[in-house]
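For reference, the structure is listed below as structure tokens.
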Amino acid sequence: MYTKNLSLELVDTGTAEAEINMSLDAQFLADLCPDGNPILHFYDWAGPTATYGHFIDPKKYIDLDKAGFHRLSLAKRPTGGGIVFHIWDLAFSFLMPAKHPACSENTIDNYRFVNEIVLSAVKEYLTIKDVTLIPEHAPLLGPSCNHFCMARPTIYDVVYQGLKIAGAAQRRTKKGYLHQGTISLAFPHLALLKNVLLSQEEITRAMTAYTFAPLGRLWTPDHLQEARIELRKLLLKKFQDKFFMT
């Protein structure tokens, strides 16, 4: 699905394998028009998935044989950052053209710009006030935790009382930047994490300590899908509101 309005383009490519979703984002960035409209990209995963940053070697942190046993697909993102499990989250991507007045030369400013929109959507979804952007990196609970998105809140992530709800990774080119976001919805199945992670105790402890999941530990696939649909609607509304105002 492709829709275009005065200042924001929405692309929904539906359900696909992990590598296809990531290659689509890479292609959108390669084809981005520097003086065109921002693009919001929605997509779904064909099955349980984990993506990893461009500079991450997944076999250092994940038992690939056990991942295969659990039918966990792995795909490299065109952005940086750590490993993200797309089993319990809502993933989305946003592309900002280089010549747009809201595009900054400073990557941190761009990260904050997008996550302020995400923050607005999450606040409305949760109907709680104590959701904010964290002003600095949280303490690292172990050396491997720096390589897992939900194992440590970093500056301008969306948090609730210090617990991470939403994070992202970005890649910038001369044409603009790609922001790949993740929003936590359900608490991870720790048994699965412990089975596929090589540093299982360290990472599961950090993810337990730092992750906030609106659906909690007791959830069903239907509840998760309903949450994804509702949050997508809110994200689209907040992005549209932001760019109609720009």
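In whole Hz, what ³J(HN,Hα) sequence does the stretch 97-114 give by Karplus (6.51, -1.76, 1.60; θ = phi - 60°), x for Gly and Pro?
x, 4, 8, 5, x, 8, 8, 9, 6, 9, 4, 5, 4, 5, 4, 5, 4, 5
Roughly what % of Cα-Cα distances in the chain sit above 23 Å, to the whole percent?
Beyond 23 Å sits 46 percent of the P(r) for the chain.
So who's got an amide H within less than 5 Å of the one on GLU17, skipping anything under 5 residues away but keeping other chains? H placed 1.01 Å off N, in plane.
ALA46
Note the full-extension length gain between ASN195 and GLU116 as 0.36 nm times their separation in residues minus their Cα-Cα distance, in nm to one decimal. Show your work: numbers first, answer last.
Working: separation 79, 0.36 × 79 = 28.44 nm, distance 3.50 nm.
Between ASN195 and GLU116, full extension yields 24.9 nm more.
Among the trypsin sites (Lys or Arg not before Pro) within the stretch 158-246, which fall in a DSSP loop and have no more than 11 other Cβ atoms within 10 Å of their own Cβ?
Details: sites: LYS164, ARG171, ARG172, LYS174, LYS175, LYS194, ARG205, ARG217, ARG228, ARG232, LYS233, LYS237, LYS238, LYS242; in loops: LYS174, LYS175, ARG217.
Hits after loop and neighbour filter: LYS174, ARG217.
Starting from a Cα-only point model with no solvent, please compute log10 I(q)/I(0) by Debye for the stretch 18-67 at q = 0.16, 0.21 1/Å.
-0.63, -0.90
Check which residues have an amide H placed less than 5 Å from PHE148's amide H, if you skip close sequence neighbours.
Counting only residues 5 or more places away or on other chains, the set is ILE83.
Considering only C-alpha atoms, what is the centroid distance from the stretch 1-69 to the stretch 106-125, in Å?
After rounding, the separation between the Cα centres reads 19 Å.
Can you pull out the GluC sites (Glu not before Pro) in the stretch 74-179 whose DSSP state is coil and whose Cβ has at most 10 other Cβ atoms within 10 Å?
Values: sites: GLU105, GLU116, GLU124, GLU136; in loops: GLU105, GLU136.
Those satisfying the criteria are GLU105, GLU136.
Evaluate 2.2 N^0.38 Å with N set to the residue count of the stretch 90-210, then give the Cα radius of gyration divided by it.
Details: Rg = 15.2 Å, N = 121, 2.2 N^0.38 = 13.6 Å.
That works out to 1.12 for the stretch 90-210.
When Lys and Arg each count +1 and Asp and Glu each count -1, what net charge do the other residues less than 13 Å away from ARG232, Cβ to Cβ, add up to?
Working: positive: ARG228, LYS233, LYS237, LYS238; negative: ASP12, ASP44, ASP89, GLU124, GLU226, GLU230.
Neighbourhood net charge equals -2.
What list of ³J(HN,Hα) values in whole Hz, one per residue of the stretch 24-30 in order, does the Karplus curve 6.51 cos²θ - 1.76 cosθ + 1.60 (θ = phi - 60°) give from phi, with Gly and Pro shown as x?
In residue order, the calculated couplings are 5, 4, 4, 5, 4, 5, 4 Hz.
Using the Karplus curve 6.51 cos²θ - 1.76 cosθ + 1.60 with θ = phi - 60°, work out ³J(HN,Hα) for each residue of the stretch 116-130 in order, rounded to whole Hz, and write x for Gly and Pro.
Once θ is set to phi - 60°, the couplings for the stretch 116-130 become 5, 5, 4, 4, 4, 5, 5, 4, 5, 5, 7, 6, 10, 8, 7 Hz.
Using 1/(1 + (r/R0)^6) with R0 = 35 angstrom and r between the beta carbons of LYS174 and GLU17, what's the FRET efficiency to the nearest 0.05? Please report the intermediate quantities before stating the final value.
On the way: r = 30 Å, r/R0 = 0.84.
It comes to 0.75.
Per DSSP H run of at least 4 residues, take -39500 (n - 2.57); add these up for the chain, divide by its residues and hand me the 222 nm value, nearest 500 deg cm²/dmol. Don't skip to the answer; put the middle values down first.
Details: 6 runs with 82 residues, N = 246.
Calculated at 222 nm, the ellipticity per residue is -10500 deg cm²/dmol.
Where Lys and Arg each count +1 and Asp and Glu each count -1, what net charge lies around PHE148 among other residues with Cβ under 14 Å from its Cβ? If you can, show how the numbers build up before the last one.
Numbers: positive: LYS60, ARG77, ARG152, LYS164, LYS194, ARG205; negative: ASP57, ASP89, ASP157, GLU201, GLU202.
Spelling it out: positives minus negatives among the neighbours equals +1.
On a C-alpha basis, how far is the centre of the stretch 137-166 from the centre of the stretch 169-225 in Å? Whole number, if you could?
A separation of 11 Å, based on Cα centres.
Full-extension gain between SER104 and ASP63, please, as 0.36 nm times their residue separation minus the C-alpha to C-alpha distance. The partial results should precede the final answer.
Values: separation 41, 0.36 × 41 = 14.76 nm, distance 3.88 nm.
Full extension of this stretch gives 10.9 nm more.
Could I have the simple spin-label model distance between ARG217 and LYS237, label points 7 Å from Cα toward Cβ, reported in nm to one decimal?
3.2 nm
If each residue of separation counts as 0.36 nm, what is the full-extension length gain between THR208 and HIS70 once their alpha-carbon separation is subtracted? Could you put the intermediate results ahead of the total?
Numbers: separation 138, 0.36 × 138 = 49.68 nm, distance 2.12 nm.
Gain on extension, THR208 to HIS70, equals 47.6 nm.
Since every read-out is calculated from the coordinates, none of them should be taken as a lab result. What you are looking at is a predicted structure, and each value in this text was computed from that prediction instead of being measured. Here the Cβ is made from the backbone with ideal geometry for all residues, glycine too, and neighbour counts use every protein chain on show.
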